[in-house]
(Lines give C-alpha, C1' and ligand atoms only; values in the text may rest on other atoms or scores of the structure.)
Protein backbone atom coordinates (compact mmCIF):
# COMPACT_ATOMS: atom_id res chain seq x y z
CA UNK A 1 0.00 0.00 0.00
CA UNK A 2 1.27 3.46 -0.91
CA UNK A 3 0.14 6.69 0.72
CA UNK A 4 1.10 10.35 0.55
CA UNK A 5 -0.20 13.20 2.68
CA UNK A 6 -0.50 16.70 1.26
CA UNK A 7 -1.16 19.68 3.52
CA UNK A 8 -3.94 21.78 2.02
CA UNK A 9 -3.75 24.28 4.86
CA UNK A 10 -2.91 24.46 8.56
CA UNK A 11 -5.97 22.39 9.45
CA UNK A 12 -6.70 20.23 6.40
CA UNK A 13 -4.86 17.47 4.53
CA UNK A 14 -5.41 15.27 1.48
CA UNK A 15 -4.31 11.66 1.64
CA UNK A 16 -3.66 9.88 -1.64
CA UNK A 17 -3.78 6.11 -1.13
CA UNK A 18 -3.11 3.22 -3.52
CA UNK A 19 -4.04 -0.33 -2.53
CA UNK A 20 -2.65 -3.34 -4.44
CA UNK A 21 -5.30 -5.88 -5.39
CA UNK A 22 -3.80 -8.52 -3.13
CA UNK A 23 -4.42 -6.32 -0.09
CA UNK A 24 -8.16 -6.48 -0.82
CA UNK A 25 -8.47 -10.23 -0.20
CA UNK A 26 -10.05 -9.68 3.21
CA UNK A 27 -12.60 -7.21 1.82
CA UNK A 28 -13.48 -9.58 -1.05
CA UNK A 29 -13.89 -12.41 1.43
CA UNK A 30 -16.32 -10.44 3.60
CA UNK A 31 -18.31 -9.17 0.61
CA UNK A 32 -18.64 -12.62 -1.02
CA UNK A 33 -19.65 -14.10 2.33
CA UNK A 34 -22.42 -11.55 2.78
CA UNK A 35 -23.62 -11.78 -0.83
CA UNK A 36 -23.53 -15.55 -0.66
CA UNK A 37 -26.06 -15.48 2.16
CA UNK A 38 -28.33 -13.16 0.19
CA UNK A 39 -28.16 -14.55 -3.35
CA UNK A 40 -30.43 -17.49 -4.20
CA UNK A 41 -29.08 -19.66 -7.05
CA UNK A 42 -30.78 -22.92 -8.02
CA UNK A 43 -28.56 -25.88 -7.27
CA UNK A 44 -26.55 -24.14 -4.56
CA UNK A 45 -27.24 -23.93 -0.85
CA UNK A 46 -27.28 -20.42 0.77
CA UNK A 47 -23.72 -19.43 1.60
CA UNK A 48 -22.23 -22.02 -0.78
CA UNK A 49 -22.57 -20.08 -4.03
CA UNK A 50 -19.17 -19.85 -5.81
CA UNK A 51 -17.69 -16.36 -6.19
CA UNK A 52 -17.65 -16.55 -10.00
CA UNK A 53 -21.37 -17.37 -9.95
CA UNK A 54 -22.06 -14.39 -7.69
CA UNK A 55 -20.12 -12.18 -10.13
CA UNK A 56 -22.29 -13.42 -12.96
CA UNK A 57 -25.53 -13.33 -11.00
CA UNK A 58 -25.39 -9.77 -9.63
CA UNK A 59 -22.65 -8.29 -11.82
CA UNK A 60 -18.97 -7.71 -11.18
CA UNK A 61 -19.38 -3.89 -10.92
CA UNK A 62 -21.74 -4.26 -7.94
CA UNK A 63 -19.31 -6.64 -6.24
CA UNK A 64 -16.46 -4.18 -6.74
CA UNK A 65 -18.60 -1.32 -5.41
CA UNK A 66 -19.27 -3.20 -2.18
CA UNK A 67 -15.60 -4.19 -1.87
CA UNK A 68 -14.66 -0.51 -2.11
CA UNK A 69 -17.23 0.42 0.55
CA UNK A 70 -15.82 -2.27 2.82
CA UNK A 71 -12.11 -1.68 2.19
CA UNK A 72 -11.82 2.12 2.10
CA UNK A 73 -12.71 2.80 5.79
CA UNK A 74 -10.29 0.10 6.98
CA UNK A 75 -7.45 1.28 4.75
CA UNK A 76 -8.07 4.93 5.64
CA UNK A 77 -7.99 4.14 9.39
CA UNK A 78 -4.76 2.21 8.95
CA UNK A 79 -3.08 5.14 7.14
CA UNK A 80 -4.27 7.57 9.82
CA UNK A 81 -2.93 5.31 12.56
CA UNK A 82 0.43 4.62 10.90
CA UNK A 83 1.06 8.31 10.15
CA UNK A 84 -0.33 9.49 13.51
CA UNK A 85 -2.65 11.97 11.82
CA UNK A 86 -4.92 13.68 14.36
CA UNK A 87 -8.08 13.83 12.30
CA UNK A 88 -11.16 15.85 13.20
CA UNK A 89 -14.43 14.50 11.91
CA UNK A 90 -15.22 12.37 8.90
CA UNK A 91 -13.19 12.52 5.64
CA UNK A 92 -14.39 13.40 2.14
CA UNK A 93 -13.58 10.26 0.10
CA UNK A 94 -13.15 10.14 -3.67
CA UNK A 95 -12.24 6.95 -5.53
CA UNK A 96 -9.78 7.97 -8.25
CA UNK A 97 -8.92 4.59 -9.76
CA UNK A 98 -10.48 1.15 -9.70
CA UNK A 99 -8.73 -1.30 -12.02
CA UNK A 100 -10.08 -4.82 -11.59
CA UNK A 101 -7.37 -7.24 -10.51
CA UNK A 102 -4.86 -4.39 -10.34
CA UNK A 103 -5.25 -1.34 -8.08
CA UNK A 104 -7.69 0.60 -5.94
CA UNK A 105 -6.78 4.28 -5.44
CA UNK A 106 -8.66 6.97 -3.55
CA UNK A 107 -8.15 10.31 -1.87
CA UNK A 108 -9.36 11.40 1.55
CA UNK A 109 -9.62 15.06 2.54
CA UNK A 110 -10.10 15.66 6.24
CA UNK A 111 -9.68 18.35 8.89
CA UNK A 112 -6.77 17.84 11.26
CA UNK A 113 -5.55 19.38 14.49
CA UNK A 114 -3.11 22.22 13.72
CA UNK A 115 0.58 22.01 14.55
CA UNK A 116 1.19 24.86 16.96
CA UNK A 117 4.39 26.75 17.67
CA UNK A 118 4.44 27.07 21.44
CA UNK A 119 6.28 29.98 23.04
CA UNK A 120 8.32 29.53 26.20
CA UNK A 121 5.97 28.77 29.07
CA UNK A 122 8.61 28.92 31.81
CA UNK A 123 7.80 32.40 33.14
CA UNK A 124 4.02 32.67 33.17
CA UNK A 125 2.42 35.37 35.30
CA UNK A 126 -1.14 36.59 35.83
CA UNK A 127 -2.76 39.19 38.05
CA UNK A 128 -6.02 38.66 39.94
CA UNK A 129 -8.26 40.96 41.95
CA UNK A 130 -7.52 41.81 45.56
CA UNK A 131 -9.45 40.04 48.28
CA UNK A 132 -11.51 42.82 49.80
CA UNK A 133 -14.70 42.38 51.80
CA UNK A 134 -16.81 45.53 52.17
CA UNK A 135 -19.27 46.37 54.92
CA UNK A 136 -22.02 46.37 52.29
CA UNK A 137 -21.25 42.76 51.37
CA UNK A 138 -21.37 41.74 55.02
CA UNK A 139 -24.67 43.59 55.44
CA UNK A 140 -26.06 41.80 52.40
CA UNK A 141 -25.21 38.37 53.82
CA UNK A 142 -26.64 39.29 57.23
CA UNK A 143 -29.79 40.48 55.47
CA UNK A 144 -30.13 37.08 53.78
CA UNK A 145 -29.90 35.37 57.16
CA UNK A 146 -32.41 37.83 58.61
CA UNK A 147 -34.88 37.07 55.82
CA UNK A 148 -34.72 33.37 56.71
CA UNK A 149 -35.90 34.09 60.23
CA UNK A 150 -38.71 36.44 59.20
CA UNK A 151 -42.29 35.69 60.27
CA UNK A 152 -45.39 36.18 58.08
CA UNK A 153 -48.30 37.89 59.82
CA UNK A 154 -51.75 38.52 58.34
CA UNK A 155 -52.77 42.17 57.90
CA UNK A 156 -56.05 43.88 57.13
CA UNK A 157 -54.85 46.38 54.51
CA UNK A 158 -54.12 46.59 50.77
CA UNK A 159 -51.10 44.67 49.52
CA UNK A 160 -47.83 46.53 49.03
CA UNK A 161 -44.31 45.66 47.90
CA UNK A 162 -42.70 43.10 50.19
CA UNK A 163 -46.00 41.54 51.26
CA UNK A 164 -46.81 37.90 50.61
CA UNK A 165 -50.24 37.32 49.13
CA UNK A 166 -52.22 34.16 48.48
CA UNK A 167 -53.76 34.53 45.02
CA UNK A 168 -55.97 32.73 42.52
CA UNK A 169 -55.19 33.12 38.80
CA UNK A 170 -57.42 32.48 35.78
CA UNK A 171 -56.19 33.06 32.22
CA UNK A 172 -58.70 33.52 29.39
CA UNK A 173 -58.32 33.78 25.63
CA UNK A 174 -61.38 34.78 23.62
CA UNK A 175 -63.46 34.41 26.83
CA UNK A 176 -62.42 30.78 27.22
CA UNK A 177 -60.33 29.59 30.17
CA UNK A 178 -57.05 28.23 28.88
CA UNK A 179 -56.08 24.65 29.58
CA UNK A 180 -53.82 24.71 32.63
CA UNK A 181 -54.60 28.42 32.78
CA UNK A 182 -55.87 28.61 36.34
CA UNK A 183 -54.46 28.02 39.79
CA UNK A 184 -55.55 28.65 43.37
CA UNK A 185 -53.79 29.42 46.63
CA UNK A 186 -50.50 30.48 45.06
CA UNK A 187 -48.12 32.33 47.35
CA UNK A 188 -46.49 35.36 45.75
CA UNK A 189 -44.23 38.16 46.98
CA UNK A 190 -45.52 41.51 45.75
CA UNK A 191 -42.88 43.45 43.86
CA UNK A 192 -40.67 40.45 43.09
CA UNK A 193 -41.57 40.40 39.39
CA UNK A 194 -40.99 36.65 39.37
CA UNK A 195 -44.24 35.41 37.83
CA UNK A 196 -45.61 37.47 34.95
CA UNK A 197 -45.32 40.99 33.62
CA UNK A 198 -47.99 43.30 35.04
CA UNK A 199 -48.92 41.10 38.01
CA UNK A 200 -47.26 43.36 40.57
CA UNK A 201 -49.14 46.41 39.31
CA UNK A 202 -52.42 44.48 39.41
CA UNK A 203 -51.97 43.07 42.92
CA UNK A 204 -50.48 46.17 44.50
CA UNK A 205 -53.31 47.97 46.33
CA UNK A 206 -55.72 45.00 46.47
CA UNK A 207 -57.10 43.76 49.80
CA UNK A 208 -58.25 40.25 50.65
CA UNK A 209 -61.26 39.29 48.51
CA UNK A 210 -60.58 41.83 45.76
CA UNK A 211 -59.75 41.07 42.11
CA UNK A 212 -58.14 42.74 39.12
CA UNK A 213 -57.55 41.83 35.48
CA UNK A 214 -54.34 42.26 33.54
CA UNK A 215 -53.21 41.41 30.04
CA UNK A 216 -50.07 39.40 29.42
CA UNK A 217 -48.39 37.81 26.41
CA UNK A 218 -48.26 34.01 26.38
CA UNK A 219 -44.72 32.68 26.03
CA UNK A 220 -45.40 28.94 25.77
CA UNK A 221 -47.85 26.48 24.25
CA UNK A 222 -49.83 26.61 21.01
CA UNK A 223 -51.04 30.17 21.71
CA UNK A 224 -47.56 31.60 22.33
CA UNK A 225 -47.35 35.20 21.19
CA UNK A 226 -51.04 35.98 21.79
CA UNK A 227 -52.29 38.19 24.61
CA UNK A 228 -54.46 36.64 27.32
CA UNK A 229 -56.66 38.24 30.00
CA UNK A 230 -55.59 37.11 33.46
CA UNK A 231 -57.83 37.65 36.48
CA UNK A 232 -56.03 37.70 39.82
CA UNK A 233 -57.93 37.39 43.10
CA UNK A 234 -56.25 38.11 46.43
CA UNK A 235 -57.22 35.67 49.19
CA UNK A 236 -54.98 36.96 51.97
CA UNK A 237 -52.28 39.54 52.62
CA UNK A 238 -49.36 38.90 54.95
CA UNK A 239 -46.38 41.05 55.78
CA UNK A 240 -42.98 39.75 56.78
CA UNK A 241 -41.74 40.85 60.16
CA UNK A 242 -37.97 40.68 60.37
CA UNK A 243 -36.17 40.13 63.68
CA UNK A 244 -34.19 42.96 65.18
CA UNK A 245 -30.49 42.93 64.37
CA UNK A 246 -29.18 42.42 67.87
CA UNK A 247 -27.33 39.89 69.99
CA UNK A 248 -30.53 37.85 70.42
CA UNK A 249 -30.79 37.43 66.65
CA UNK A 250 -27.12 36.39 66.48
CA UNK A 251 -27.59 33.70 69.11
CA UNK A 252 -30.75 32.44 67.37
CA UNK A 253 -29.32 32.39 63.84
CA UNK A 254 -25.83 31.13 64.67
CA UNK A 255 -23.53 29.73 67.32
CA UNK A 256 -22.34 33.22 68.28
CA UNK A 257 -23.51 35.22 71.28
CA UNK A 258 -23.16 38.69 69.82
CA UNK A 259 -24.00 40.37 66.53
CA UNK A 260 -20.44 41.63 66.22
CA UNK A 261 -19.07 38.09 66.44
CA UNK A 262 -21.53 36.97 63.75
CA UNK A 263 -20.49 39.83 61.46
CA UNK A 264 -16.81 38.99 61.86
CA UNK A 265 -17.51 35.34 61.06
CA UNK A 266 -19.43 36.31 57.91
CA UNK A 267 -16.57 38.60 56.89
CA UNK A 268 -14.09 35.73 57.32
CA UNK A 269 -16.21 33.37 55.24
CA UNK A 270 -16.68 35.93 52.48
CA UNK A 271 -12.92 36.46 52.37
CA UNK A 272 -12.40 32.70 52.12
CA UNK A 273 -14.78 32.46 49.18
CA UNK A 274 -13.06 35.37 47.43
CA UNK A 275 -9.72 33.63 47.84
CA UNK A 276 -11.25 30.62 46.11
CA UNK A 277 -12.52 32.93 43.38
CA UNK A 278 -8.96 34.12 42.88
CA UNK A 279 -8.08 30.58 41.83
CA UNK A 280 -10.82 30.54 39.21
CA UNK A 281 -9.80 34.00 38.02
CA UNK A 282 -6.16 32.93 37.78
CA UNK A 283 -7.15 29.95 35.62
CA UNK A 284 -9.30 32.09 33.32
CA UNK A 285 -6.63 34.75 32.91
CA UNK A 286 -3.99 32.14 32.22
CA UNK A 287 -6.16 30.75 29.43
CA UNK A 288 -6.69 34.28 28.09
CA UNK A 289 -2.92 34.79 28.07
CA UNK A 290 -2.35 31.54 26.17
CA UNK A 291 -4.99 32.47 23.59
CA UNK A 292 -3.32 35.85 23.03
CA UNK A 293 0.21 34.45 22.89
CA UNK A 294 -0.37 31.47 20.59
CA UNK A 295 -1.74 31.63 17.06
CA UNK A 296 -4.30 28.87 16.63
CA UNK A 297 -6.02 28.25 13.28
CA UNK A 298 -9.50 26.76 13.61
CA UNK A 299 -11.16 24.51 10.98
CA UNK A 300 -14.35 26.16 9.76
CA UNK A 301 -15.98 22.77 9.24
CA UNK A 302 -15.38 21.88 12.88
CA UNK A 303 -17.00 25.08 14.12
CA UNK A 304 -19.96 24.68 11.77
CA UNK A 305 -20.55 21.09 12.92
CA UNK A 306 -20.47 22.17 16.55
CA UNK A 307 -22.89 25.03 15.90
CA UNK A 308 -25.22 22.69 14.06
CA UNK A 309 -25.06 20.13 16.87
CA UNK A 310 -25.78 22.75 19.54
CA UNK A 311 -28.63 24.28 17.58
CA UNK A 312 -30.28 20.88 17.11
CA UNK A 313 -29.95 20.21 20.83
CA UNK A 314 -31.40 23.64 21.66
CA UNK A 315 -34.29 23.20 19.24
CA UNK A 316 -35.12 19.87 20.87
CA UNK A 317 -35.12 21.48 24.31
CA UNK A 318 -37.26 24.38 23.12
CA UNK A 319 -39.73 22.00 21.52
CA UNK A 320 -40.04 20.04 24.74
CA UNK A 321 -40.66 23.30 26.62
CA UNK A 322 -43.26 24.44 24.09
CA UNK A 323 -41.18 27.45 23.05
CA UNK A 324 -39.76 28.83 19.82
CA UNK A 325 -36.53 30.70 19.12
CA UNK A 326 -38.10 34.18 19.31
CA UNK A 327 -39.56 33.47 22.74
CA UNK A 328 -36.29 32.02 23.99
CA UNK A 329 -34.27 34.99 22.75
CA UNK A 330 -36.72 37.42 24.32
CA UNK A 331 -36.61 35.66 27.68
CA UNK A 332 -32.80 35.48 27.50
CA UNK A 333 -32.48 39.20 26.84
CA UNK A 334 -30.68 38.59 23.53
CA UNK A 335 -31.21 41.21 20.85
CA UNK A 336 -31.86 38.81 17.95
CA UNK A 337 -30.85 35.47 16.44
CA UNK A 338 -27.93 37.07 14.62
CA UNK A 339 -26.46 38.28 17.91
CA UNK A 340 -27.05 34.87 19.50
CA UNK A 341 -25.31 33.06 16.62
CA UNK A 342 -22.36 35.46 16.68
CA UNK A 343 -21.88 35.00 20.42
CA UNK A 344 -22.19 31.22 20.08
CA UNK A 345 -19.62 31.11 17.27
CA UNK A 346 -17.20 33.25 19.28
CA UNK A 347 -17.52 30.97 22.31
CA UNK A 348 -17.06 27.81 20.24
CA UNK A 349 -13.98 29.15 18.46
CA UNK A 350 -12.43 30.15 21.78
CA UNK A 351 -13.18 26.73 23.28
CA UNK A 352 -11.66 24.95 20.26
CA UNK A 353 -8.52 27.10 20.39
CA UNK A 354 -8.17 26.39 24.10
CA UNK A 355 -8.44 22.65 23.48
CA UNK A 356 -5.82 22.77 20.71
CA UNK A 357 -3.42 24.73 22.93
CA UNK A 358 -3.79 22.42 25.91
CA UNK A 359 -3.43 19.35 23.67
CA UNK A 360 -0.24 20.79 22.16
CA UNK A 361 1.19 21.58 25.61
CA UNK A 362 0.21 18.11 26.83
CA UNK A 363 1.99 16.54 23.84
CA UNK A 364 5.10 18.67 24.33
CA UNK A 365 5.28 17.80 28.02
CA UNK A 366 4.18 14.20 27.50
CA UNK A 367 1.32 14.53 29.98
CA UNK A 368 -0.37 11.20 30.60
CA UNK A 369 -3.62 10.24 32.31
CA UNK A 370 -3.58 7.40 34.82
CA UNK A 371 -6.31 5.64 36.77
CA UNK A 372 -5.91 8.00 39.73
CA UNK A 373 -6.60 11.00 37.46
CA UNK A 374 -9.64 9.31 35.95
CA UNK A 375 -11.07 8.13 39.26
CA UNK A 376 -10.66 11.60 40.75
CA UNK A 377 -12.56 13.15 37.84
CA UNK A 378 -15.25 10.45 37.88
CA UNK A 379 -15.77 11.13 41.56
CA UNK A 380 -15.90 14.91 41.13
CA UNK A 381 -18.33 14.76 38.19
CA UNK A 382 -20.51 12.18 39.96
CA UNK A 383 -20.79 14.47 42.97
CA UNK A 384 -21.68 17.45 40.82
CA UNK A 385 -24.35 15.44 38.99
CA UNK A 386 -25.60 13.88 42.25
CA UNK A 387 -25.11 10.31 41.06
CA UNK A 388 -22.90 7.46 42.17
CA UNK A 389 -19.49 6.93 40.51
CA UNK A 390 -20.78 3.70 38.94
CA UNK A 391 -23.79 5.52 37.46
CA UNK A 392 -21.62 8.27 36.03
CA UNK A 393 -19.25 5.71 34.50
CA UNK A 394 -22.21 3.90 32.94
CA UNK A 395 -23.48 7.19 31.50
CA UNK A 396 -20.07 7.75 29.88
CA UNK A 397 -20.18 4.31 28.31
CA UNK A 398 -23.75 4.62 27.07
CA UNK A 399 -23.20 8.07 25.58
CA UNK A 400 -19.99 7.02 23.83
CA UNK A 401 -18.12 9.94 25.39
CA UNK A 402 -15.29 8.00 27.02
CA UNK A 403 -12.60 9.29 24.65
CA UNK A 404 -13.81 12.87 25.14
CA UNK A 405 -13.76 12.37 28.91
CA UNK A 406 -10.18 11.09 28.88
CA UNK A 407 -9.07 13.98 26.63
CA UNK A 408 -10.73 16.49 28.92
CA UNK A 409 -9.05 15.01 32.00
CA UNK A 410 -5.70 15.31 30.19
CA UNK A 411 -6.34 18.96 29.37
CA UNK A 412 -7.44 19.70 32.94
CA UNK A 413 -4.27 18.09 34.25
CA UNK A 414 -2.16 20.09 31.79
CA UNK A 415 -3.81 23.37 32.77
CA UNK A 416 -3.29 22.55 36.44
CA UNK A 417 0.41 21.97 35.84
CA UNK A 418 0.70 25.29 34.00
CA UNK A 419 -1.13 27.03 36.81
CA UNK A 420 1.19 25.55 39.39
CA UNK A 421 4.21 27.13 37.70
CA UNK A 422 2.47 30.48 37.07
CA UNK A 423 3.30 33.45 39.27
CA UNK A 424 -0.04 34.69 40.55
CA UNK A 425 -0.26 38.07 42.23
CA UNK A 426 -3.14 40.30 43.22
CA UNK A 427 -3.67 43.89 42.14
CA UNK A 428 -1.69 45.11 45.17
CA UNK A 429 1.33 43.01 44.21
CA UNK A 430 0.90 40.29 46.81
CA UNK A 431 1.71 36.73 45.73
CA UNK A 432 -1.31 34.39 45.80
CA UNK A 433 -0.57 30.85 46.94
CA UNK A 434 -3.05 28.45 45.34
CA UNK A 435 -1.74 25.60 47.48
CA UNK A 436 -3.71 27.12 50.35
CA UNK A 437 -6.92 26.34 48.48
CA UNK A 438 -6.73 22.57 48.76
CA UNK A 439 -5.66 19.74 51.07
CA UNK A 440 -1.89 19.20 50.99
CA UNK A 441 -2.21 15.50 50.13
CA UNK A 442 -4.22 16.07 46.97
CA UNK A 443 -2.81 16.81 43.54
CA UNK A 444 -6.02 17.73 41.71
CA UNK A 445 -6.19 21.16 40.01
CA UNK A 446 -6.56 24.07 42.39
CA UNK A 447 -8.18 26.02 39.59
CA UNK A 448 -11.09 23.59 39.47
CA UNK A 449 -11.41 23.85 43.24
CA UNK A 450 -11.84 27.58 43.08
CA UNK A 451 -14.13 27.55 40.09
CA UNK A 452 -16.49 25.00 41.53
CA UNK A 453 -16.79 26.58 44.95
CA UNK A 454 -16.78 30.27 44.14
CA UNK A 455 -20.06 30.14 42.23
CA UNK A 456 -22.22 29.98 45.33
CA UNK A 457 -21.90 33.21 47.31
CA UNK A 458 -24.33 32.04 49.95
CA UNK A 459 -21.83 29.33 50.88
CA UNK A 460 -19.84 32.04 52.64
CA UNK A 461 -22.50 32.33 55.30
CA UNK A 462 -22.92 28.60 55.78
CA UNK A 463 -19.30 27.39 55.73
CA UNK A 464 -19.96 25.40 52.57
CA UNK A 465 -17.29 26.83 50.30
CA UNK A 466 -14.37 25.02 51.88
CA UNK A 467 -16.31 21.77 52.17
CA UNK A 468 -17.30 21.88 48.50
CA UNK A 469 -13.70 22.53 47.55
CA UNK A 470 -12.50 19.53 49.48
CA UNK A 471 -15.22 17.32 47.97
CA UNK A 472 -14.21 18.26 44.43
CA UNK A 473 -10.51 17.55 44.85
CA UNK A 474 -10.00 15.28 47.85
CA UNK A 475 -11.16 12.16 46.09
CA UNK A 476 -8.29 10.09 47.44
CA UNK A 477 -9.76 10.52 50.92
CA UNK A 478 -13.40 10.00 49.97
CA UNK A 479 -15.26 6.84 51.11
CA UNK A 480 -16.12 5.90 47.52
CA UNK A 481 -12.61 6.40 46.10
CA UNK A 482 -12.12 2.68 45.43
CA UNK A 483 -15.52 2.51 43.74
CA UNK A 484 -14.67 5.52 41.61
CA UNK A 485 -11.33 3.99 40.65
CA UNK A 486 -13.00 0.78 39.53
CA UNK A 487 -15.66 2.71 37.65
CA UNK A 488 -13.03 4.79 35.87
CA UNK A 489 -11.09 1.73 34.76
CA UNK A 490 -14.28 0.12 33.44
CA UNK A 491 -15.43 3.29 31.72
CA UNK A 492 -12.14 3.89 29.94
CA UNK A 493 -11.44 0.32 28.90
CA UNK A 494 -10.50 0.34 25.25
CA UNK A 495 -10.14 4.12 24.98
CA UNK A 496 -7.41 5.16 22.55
CA UNK A 497 -4.69 7.74 23.00
CA UNK A 498 -6.13 9.87 20.21
CA UNK A 499 -8.92 11.39 22.31
CA UNK A 500 -9.72 14.85 20.94
CA UNK A 501 -13.28 15.87 21.79
CA UNK A 502 -13.44 18.80 19.37
CA UNK A 503 -15.09 16.52 16.82
CA UNK A 504 -18.44 14.80 17.02
CA UNK A 505 -17.89 12.08 14.45
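The values are calculated or read from the model by the stated rules, or taken from the named source; none is laboratory data. These numbers were taken from a predicted model, which means no experiment stands behind them. Cβ placement follows ideal geometry from the backbone for every residue including glycine, while neighbour counts extend to all protein chains displayed.
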(message) If I ask for residues that are within 18 Å of the chain's Cα centre (by Cα) and loosely packed, with under 15 Cβ neighbours inside 10 Å, which ones from region 365-390 would you list?
(response) 384, 385, 386, 387
(message) Yes or no: region 288-307 includes at least one residue that is assigned by TED's automatic domain parsing to the domain that holds residue 342, within 20 Å of the chain's Cα centre (by Cα), surrounded by 13 or more Cβ atoms within 10 Å (Cβ to Cβ) and within 30 Å of residue 199 (Cβ to Cβ).
(response) no
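Restricting attention to region 248-266, does a residue exist that is touching a strand residue (DSSP E or B) at 6+ places or on another chain (Cβ under 6 Å) and in contact (Cβ under 8 Å) with a residue 12 or more places away in the chain? Talk me through it step by step, then tell me what you get.
Going residue by residue through region 248-266, those that are touching a strand residue (DSSP E or B) at 6+ places or on another chain (Cβ under 6 Å) are none.
No, region 248-266 contains no residue that is touching a strand residue (DSSP E or B) at 6+ places or on another chain (Cβ under 6 Å) and in contact (Cβ under 8 Å) with a residue 12 or more places away in the chain.
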(message) Here are the criteria: (1) closer than 17 Å to residue 118 by Cα; (2) part of a helix (DSSP H, G or I). Tell me which single one residue 297 does not satisfy.
(response) (2)
(message) Anything in region 407-422 that is more than 15 Å from the chain's Cα centre (by Cα) and over 22 Å from residue 126 (Cα atoms)? List them, or say none.
(response) 410
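Mind listing whichever residues of region 183-217 are part of a loop (DSSP other than H, G, I, E, B) and touching a residue at least 12 places away in the same chain (Cβ under 8 Å)? Before you say what the answer is, go through the steps one by one.
Residues of region 183-217 part of a loop (DSSP other than H, G, I, E, B): 190-198, 204-210.
Within region 183-217, 190, 191, 196, 197, 198, 204, 205, 206, 207, 208, 209, 210 qualify.
Restrict the check to region 74-95 and report whether at least one residue is over 30 Å from residue 404 (Cβ atoms) and loosely packed, with under 15 Cβ neighbours inside 10 Å. Full working, then the answer.
Our first condition is that a residue be over 30 Å from residue 404 (Cβ atoms); within region 74-95, this holds for 95.
Pick out the ones that are also loosely packed, with under 15 Cβ neighbours inside 10 Å and you get 95.
Yes, some residue in region 74-95 is over 30 Å from residue 404 (Cβ atoms) and loosely packed, with under 15 Cβ neighbours inside 10 Å.
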(request) May I ask you to say which residue of 410, 345 is in contact with a helix residue (DSSP H, G or I) (Cβ under 8 Å, 6 or more places away or on another chain) and loosely packed, with under 15 Cβ neighbours inside 10 Å? (result) 345
(request) Name the one entry in 177, 144 that is surrounded by 12 or more Cβ atoms within 10 Å (Cβ to Cβ), out of contact with any helix residue (DSSP H, G or I) (no Cβ under 6 Å at 6 or more places or on another chain), more than 23 Å from residue 205 (Cα to Cα) and free of Cβ contacts under 8 Å to residues at least 40 places away in the same chain. (result) 177
